[in-house]
Each structure stands twice: as C-alpha cells, then as structure tokens.
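Every number here is computed from the coordinates shown, using simple stated rules; none is lab data. Computed from a predicted model, the values in this text were never measured in an experiment. Positions of Cβ are backbone-derived with ideal geometry, glycine not excepted, and every protein chain shown enters the neighbour counts.
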Amino acid sequence: MSTNVETVSVKEYFHSLYEGVTSTVKGMWITFKYVWGHKAVSIEYPEVREVLPANARMRLFNDVDNCISCNMCAIACPVDCIYISSVPRPAGQEVPKTDDGTPMRQVLTQYVIDTALCCYCGLCTTVCPTESLTHSNDYEFAQYTLGDMKYDYLSPEVIAWKPRIVGKEPVYRK
Amino acid sequence: MQGWDVPGEKIEPTRTVETEKLKTELLTLNMGPQHPATHGVLRVEIKTDSEVVAHAIPHIGYLHRCMEKHSENLDYRGVIPFVDRMDYLGAMNQELGYVLAVEKMLGTQVPRRAEFIRVLVSELQRIASHLMAFGTYALDLGAFSPFLYAFDEREKILRLFEELSGARLLYNYIWVGGVWNDITADQLARVAEFCDNFEEELKKYDVLVSQNKIFMERTRHVGIMDADMCYRYGATGPVLRGAGVKWDLRKVKPYSIYNEFEFDVPVADGDRGATIGDCYSRYIVRMKEMSESVRIIRQVLTKIESGPIMGKVSKVIKLPKGEVFVRTECPRGELGIHLVSDGEAKPYRLKVKSPCFTHVSMLGEVAPGQLIADFVATIGSIDIVLGEVDR
Amino acid sequence: MLNLNDLAQFINSKVPSAAAKVNAAAEAVCDSAIEVAPASILDVAKSLKDNSKYPFNVLQVISGVDYPDHIEVNYMFANFDLNNAYEFTLKTKVKNKNDAKLESISSVYKAADWQERECYDMLGVTFNNHPDHRRILCPDDWEGFPLRKDYVVQKVYRGMEVNPDAKMNWGDREFAKRQEEITKAQTKASKK
C-alpha cells in the first residue's frame with residue numbers, strides 16, 4: 001500500500017470489497033475444516049511423552065567401566081566441556097579389560113562433563129574407541145544452578161544410571 | 001518555566017496554541033532488539049514523520065559470537081557444529097556449504113549415495129526453512145493459523161532429521177567426506193509420503209494466504225527491491241529472484257550433483273497484479289521454490305543408489321596451503337565460504353558471506369517513504385535469520 | 001571460464017598504477033587471484049564495474065585476512081549474468097598493520113558499505129571516504145580488532161569483568177595439575 005492516495009472508481013471499490021470478503025471466507029473454510037477433520041498434533045507433554053529415536057543426542061553418559069582414558073573425547077570437543085585426567089596404573093597391578101577386550105592401562109581419576117557448556121554435537125561419541133561415551137535419551141535434567149549441570153561420571157550416583165542406559169550392571173573396574 | 005515557585009508572582013499562561021505555526025518534527029522510534037516483527041535481535045532505528053518512515057538505520061551485532069574467530073582454534077570437523085549455529089533454520093545447507101569448501105581443498109571423492117542423501121536433506125531443509133518463512137510472514141501480517149499449519153508440516157521434516165542425525169535443529173550430519181548416518185528404505189518411503197501430502201498442503205496455503213485479498217494488499221507494491229538495487233547490494237536468493245532475475249547457483253554453477261536433476265528456477269513474473277521486486281514477489285518465489293524442491297526430492301527418491309556413505313578421509317584433516325571461495329545456494333540466498341589454510345590442522349581464516357547480512361543492509365534504502373506497518377512487511381519478506389547476520 | 005591473465009592485463013591497461021599480477025595457487029584445488037596495489041583499489045573497482053569487456057556488476061564479499069606482516073583484503077567480484085557468469089577474487093595487501101588504510105569503494109559498489117564496516121570492525125582496516133565508518137558487529141567502544149591474530153580480549157568492559165574466574169571452572173580444568181595433592185589427600189583420608 002503506497003502512501004499516495006489512488007483514485008478508485010465505485011465499481012473497483014466494491015469489487016475489491018467483494019474479493020476481500022470471498023477470499024477470506026475461502027481461507028476461513030480451510031481453517032474451519034481443521035475443527036473436526038484433523039487429529040490434534042500437539043502432545044500434552046508431562047502426561048504424554050514422545051518416544052525419542054534411538055540415536056537422539058541427549059545427555060552424555062560415560063560408562064567408566066569401559067573408559068580407557070584415551071583423551072580422544074576431550075580433544076574432539078569443540079567447546080572444551082570434557083575434563084578428563086588419569087594416572088598410569090601402578091606397576092605389578094593386574095590390568096583390567098573393557099567389555100571389548102581393550103586393556104585399561106590408565107587409572108581414570110577424573111571424568112567430568114559440564115553439560116551447561118555441551119553443545120550436543122556428538123563429535124566426542126564418534127571418536128570414542130571403546131564406545132563407552134554415548135548420548136543417552138535423558139532430556140529432563142533442568143537444574144537450579146549451573147554448577148548442578150556438571151556431572152562427575154566417577155561418582156556413585158552417576159554410575160548408578162548404567163543399568164538404565166546401557167542395560168548392564170556396573171562392575172567397578174578400578 | 002522560571003519563577004514558578006516565587007511566592008506572590010502571578011502565573012500567566014505562557015503558551016497559546018497557534019495551529020498555523022505548529023510544525024511536526026521527526027520522531028525517533030526504536031524498533032527492536034526484542035520485537036516480534038524483527039525476527040530475532042535486529043534493532044532498527046526509525047525516524048518517523050507521523051506514520052511514514054523517513055530514515056531507517058539497522059543496527060546488528062546483538063547475536064555476535066565471532067564464530068569466525070572460534071573456528072580458527074578448532075579442527076576442521078569441529079567447525080561444523082558452529083556452522084550449524086549460524087543459520088539455525090537452514091543448518092543442513094550451511095553444513096553443505098562449509099563441507100564443500102573443505103572437500104574442494106582436500107580433493108575428496110564423495111560416494112554417490114552420500115551425494116544423493118546430501119541433496120535430499122538440503123532440499124528438505126529448504127522446504128522446512130521456507131515453511132518457517134511463510135508461517136512467520138503470515139504471522140507478521142496478522143494471520144495466525146498458517147503459522148500452525150506450516151509448523152505441522154515442518155515438524156515432519158524435523159522428525160526425519162532427528163532420526164537421521166539425532167538432533168532436531170543443529171544436526172552436525174553432513175561430514176567431510178560424506179554423511180554421518182545412512183538413510184533407511186523406511187525413511188525414504190516416509191519422504192515420498194511427505195511429498196505427496198505436501199503438494200496438497202501447498203495448494204491449501206495458496207488459497208489460505210497467497211490468494212487472500214488482504215494479504216495481497218498488504219504486500220503488493222510494498223518494499224520494492226528491483227534488479228538494479230539487488231546488483232548494487234549483492235543480494236541473492238529469493239530477493240534476487242523476486243526481482244525477476246533468473247539466478248540460482250544450483251543451475252548456474254551446479255555444485256554437488258545438482259546438475260543431474262531437472263528443476264525450474266522460479267522467478268517473479270508480476271502475476272496477480274504484483275510489481276516485480278515487491279514483498280509479494282519474494283513471497284511467491286519462496287512458495288514456488290518449495291514445489292521445485294519437492295520435484296528434486298522425487299527425483300532423488302527414484303535415482304538414489306546404494307553404496308557407502310563415507311569417503312576416505314584421514315583421521316586428522318590437513319588442508320594444503322591456499323584458499324578457496326565456495327558458494328552454495330541456501331534457503332535465504334548464496335552462502336559463500338572463504339577458507340584460508342596455512343597447511344595446519346586448523347583453518348587459518350574462515351570468512352562467511354552470509355546472504356542475510358546483505359539483505360539487512362538493503363533495509364536502509366527501502367524504508368524511506370513506507371508506512372511503519374509496510375516496513376514490518378518488508379522485514380518479514382526478506383526472511384532474515386539474525387544468527388547468520390551476526391555470526 | 002575467465003582467464004585471469006587476460007583480466008590482469010585488462011586491469012593494467014585501464015589502471016596502469018594497479019600493477020595487477022596473478023597470484024597463482026600452489027595447489028590445483030585452490031583458487032587463484034589477482035593482486036593489485038592498495039592505492040589503486042578505487043580506480044580498479046571503477047574500471048571493473050564500468051566496462052563492456054569484463055563487466056562485474058556484483059561485489060559479493062570483502063574478506064580480510066591477517067598475516068604476520070600484512071593484512072590482505074580480498075574482494076570477491078562476480079557477474080550475475082546468465083550468459084556471462086564469472087567471478088574472481090581481487091587481493092590487495094596492506095603493509096602497515098598499525099595504520100592500515102584503504103580507499104573505500106562504497107561509492108562504486110553499495111555492497112561495500114557494510115562489508116567494509118565489518119572489515120574495519122574485525123581487522124582494523126580503515127576505509128577512507130566511507131559514508132558511515134563505524135563498528136558494525138562489536139559495540140562502538142570495544143577495544144581491539146578480534147580477527148587479528150595477536151588479539152587479546154579486554155579484561156574489563158564497561159565495569160563488567162570479561163571471563164570472570166568464578167565462571168571459568170578452574171577446579172576441573174586444573175585437576176590434572178593438582179592430581180598429586182589430591183591423591184595424597186585421598187590416601188591420607190583412607191589411612192585414617
């Protein structure tokens with residue numbers, strides 16, 4: 001609509017009025033058909049939950065029983081939210097093995113992920129050689145403080161998630 | 001107003017209104033950064049003469065993350081999640097642009113199946129992005145239900161992408177050398193079903209919005225960006241095609257395997273009484289592009305070959321010394337990636353030419369003389385994503 | 001296909017002071033470019049736009065790159081014409097990094113207006129005769145030019161501390177450094 005006033009004949013004026021009304025009624029008819037013709041698409045969230053696809057990238061879970069402390073995940077992470085450190089295994093101690101048979105030559109002393117920083121890109125899980133680090137399907141982990149978003153995967157509370165996510169009991173290889 | 005509180009002094013009326021001496025002056029109006037009609041955090045400083053815009057100065061940078069600096073400290077794979085976050089409504093197309101630049105320098109052969117999947121997902125993403133543009137544009141102009149219908153269809157695409165990549169919006173799906181996950185026959189069948197259903201939907205949108213007299217009156221002859229202006233500013237995509245220029249990189253300079261598909265480049269032709277280059281033309285180009293995308297997707301579904309989805313790429317990507325400038329056609333326009341490498345495992349410089357940056361700069365020239373409500377229609381019609389403008 | 005050698009000759013014939021030469025890429029996969037003298041950039045831009053032999057109607061992007069001894073400013077020109085579509089990169093090197101100056105070409109290509117502002121904002125190249133020479137992405141009172149390689153983030157901005165220690169999570173970042181102390185403390189605790 002330009003700001004200069006255009007002169008319109010009476011016929012054109014009524015014609016455009018007619019067009020305005022009919023085209024709107026046509027549109028209203030389409031919306032009206034939605035009243036009965038369509039199934040509701042919105043999901044009433046807390047009562048009904050959509051099942052996520054198996055590879056959905058939600059909260060990270062590291063199965064420390066299979067982690068060989070190789071540091072690959074921390075290197076691949078583009079936002080540096082994985083803090084991992086380890087010490088060499090003391091001489092003479094028996095070297096435990098992961099589920100796929102890789103020897104765990106290092107003792108994991110710290111495995112912390114700051115999920116407040118995590119960008120859920122999935123690069124860390126693709127480089128993991130023993131597939132211990134995976135994206136779980138947990139998405140309800142809102143917290144009150146940013147500090148609560150930090151997960152220590154060596155703590156007993158987090159290890160207790162393992163049966164739910166991996167489907168195996170933790171073995172506590174140390 | 002001196003002497004008001006001096007006791008005993010008589011207060012006389014100091015002003016008398018003389019209507020013939022009244023003059024108006026420009027009123028500065030700050031639109032944004034938090035304003036529903038600016039599609040993000042765009043701030044436009046408008047000087048208005050009553051209801052008419054006299055000047056408009058767009059201010060950007062509220063979403064600036066300096067992703068270009070970040071990427072100088074990341075390896076080539078780690079940049080992809082950051083590229084996603086530029087244009088979060090067209091993430092697949094952005095990834096494709098960046099990955100093509102890396103692959104061009106690397107000289108990687110991408111398997112045929114991966115190429116087909118790339119074309120498939122980027123065309124689906126184009127539809128999803130245009131649906132968003134369509135929905136929010138109708139919302140800007142006062143129609144609410146098209147927004148819901150558009151989101152309903154977009155949801156189907158996002159659901160497919162979630163199954164493919166694991167994320168709904170920021171996929172990290174297209175990798176250097178191929179794609180992350182393979183697409184299953186079941187998913188392809190769902191895409192075919194979506195295509196059949198979507199053509200019906202498009203007809204519905206046409207009656208609901210495009211042919212609506214009120215919508216036409218709001219958008220026709222408004223915000224005219226003609227071909228000359230588009231060239232001067234370097235505008236691309238639906239803005240340039242809305243100005244009647246048949247310029248689409250997928251046809252002019254085909255990348256990936258776009259040369260194997262048949263499709264038309266829709267341009268504004270001024271039907272339904274529109275001026276070429278106005279808001280309605282840009283809008284109608286987007287609507288036509290969606291049906292062209294459906295055409296391409298149909299061809300992908302018939303032509304797709306089986307095979308591997310990842311080419312041979314070394315574990316640590318190191319590019320040769322040099323630079324490339326690669327352009328791809330994104331939903332909003334041409335994305336240009338200027339990648340400079342010094343032979344290390346990290347980019348030396350990554351410059352992104354974002355189409356929206358160019359289009360926002362055009363607002364200052366289009367705005368003068370428009371009504372404020374028409375200015376809102378103009379902002380909506382160029383379909384900006386501020387994440388891409390500010391990077 | 002556009003022959004860069006011919007184009008460089010053409011630029012030299014139009015603007016003799018440009019000293020245009022082709023910067024051939026070392027690798028075949030990379031792009032070649034034409035380099036011109038920084039002082040002649042405005043004349044070169046004019047001659048590229050207004051000629052019939054190599055008309056370039058669009059300036060796509062201005063991309064600055066910071067190198068140790070100079071700043072390179074790349075202008076990507078293109079011709080959006082279906083029968084005659086081509087593009088090329090024009091380079092110019094600004095030697096003096098502390099006082100980097102170029103002539104603005106926004107009078108020739110309107111697209112250069114915002115692109116030059118971004119180049120100034122990110123790399124600190126000043127463009128003479130620019131109509132609206134301000135920062136564009138960073139705030140007006142920001143210090144430094146972020147895309148320079150030697151850029152250091154300012155410590156305090158408008159009384160706000162940039163990257164305050166409380167948010168940097170040093171406890172977890174420096175866990176490995178403090179590892180010995182931690183293990184000692186743990187063994188002590190277990191002995192007790």
Is the protein assembly as shown rounded, prolate or oblate when judged by the Cα gyration tensor, a ≥ b ≥ c being the square roots of its eigenvalues, rounded requiring a/c under 1.5 and prolate requiring a/b larger than b/c? rounded
From the residues B:Tyr283, B:Leu240, C:Asn98, which one has its Cα farthest along the dipole of the protein assembly as shown in the positive direction, the dipole being from +1 and -1 charges on Cβ of Lys/Arg and Asp/Glu about the Cα centre? C:Asn98
Gyration tensor verdict on the stretch B:210-358 (Cα atoms; rounded if a/c is under 1.5, prolate if a/b is larger than b/c, oblate otherwise): oblate
Taking chain B as a Gaussian network, Cα atoms linked when under 10 Å apart, which of B:Val176, B:Val316, B:Val83 shows the biggest mean-square fluctuation? B:Val316
To the nearest 20 debye, what charge dipole does chain A have about its Cα centre, counting +1 at the Cβ of each Lys and Arg and -1 at the Cβ of each Asp and Glu? 280
Cα-Cα over 19 Å, subset of A:Lys33/B:Lys203; A:Lys150/C:Lys167; C:Lys46/C:Lys95; B:Lys156/B:Lys303; B:Lys253/C:Lys46; B:Lys321/B:Lys346: C:Lys46/C:Lys95; B:Lys156/B:Lys303; B:Lys253/C:Lys46
Cβ-placed point charges (K, R +1; D, E -1), dipole of chain B about Cα centre in debye, nearest 20: 1140
Kindly put A:Met149, B:Met216 in sequence by how many other C-beta atoms sit within 10 Å of each C-beta, fewest to most. A:Met149, B:Met216
Of the listed links C:Lys53/C:Lys149; B:Lys251/B:Lys312; B:Lys69/B:Lys315; C:Lys155/C:Lys177, those spanning more than 30 angstrom between alpha carbons are C:Lys53/C:Lys149
Kyte-Doolittle mean at least 0.0 and Cα extent at least 15 Å along the axis: which DSSP H helices of chain B qualify? B:91-106, B:112-140, B:355-366, B:372-382
GluC sites (Glu not before Pro) within the stretch B:304-391: DSSP coil, no more than 13 neighbouring Cβ in 10 Å: B:Glu305, B:Glu344
Taking Cα atoms, the helix A:10-37 axis meets the longest principal axis of chain A at an angle in degrees (rounded to 10) of 40
What does the average come to when, for each residue of peptide B:77-85, you count the partner chain Cβ atoms lying within 10 Å of its Cβ? 4
Whole-Hz Karplus ³J(HN,Hα) for the stretch B:47-53, in order, using 6.51 cos²θ - 1.76 cosθ + 1.60 and θ = phi - 60°, x for Gly and Pro? 9, 10, 10, 6, 9, 9, 6
When the Kirkwood radius is taken over all Cα pairs of chain A, what Stokes-Einstein diffusion coefficient follows at 10 °C and 1.306 mPa s, in µm²/s? 76
Partner chain Cβ atoms within 10 Å, averaged over the residues of C:24-30 - can you pull that number for me? 6
So how do C:152-159, B:143-150, B:297-304 stack up, highest first, on mean other-Cβ count within 10 Å? B:143-150, B:297-304, C:152-159
For peptide B:207-216, compute the average count of partner chain beta-carbon atoms within 10 Å of each residue's beta-carbon. 5
Please list A:140-146, B:228-234, C:111-117 highest first by mean number of surrounding beta-carbon atoms within 10 Å per residue. C:111-117, B:228-234, A:140-146
Using packing as a proxy for protection, rank C:58-69, B:350-361 so that the peptide with the highest average count of other Cβ atoms within 10 Å comes first. B:350-361, C:58-69
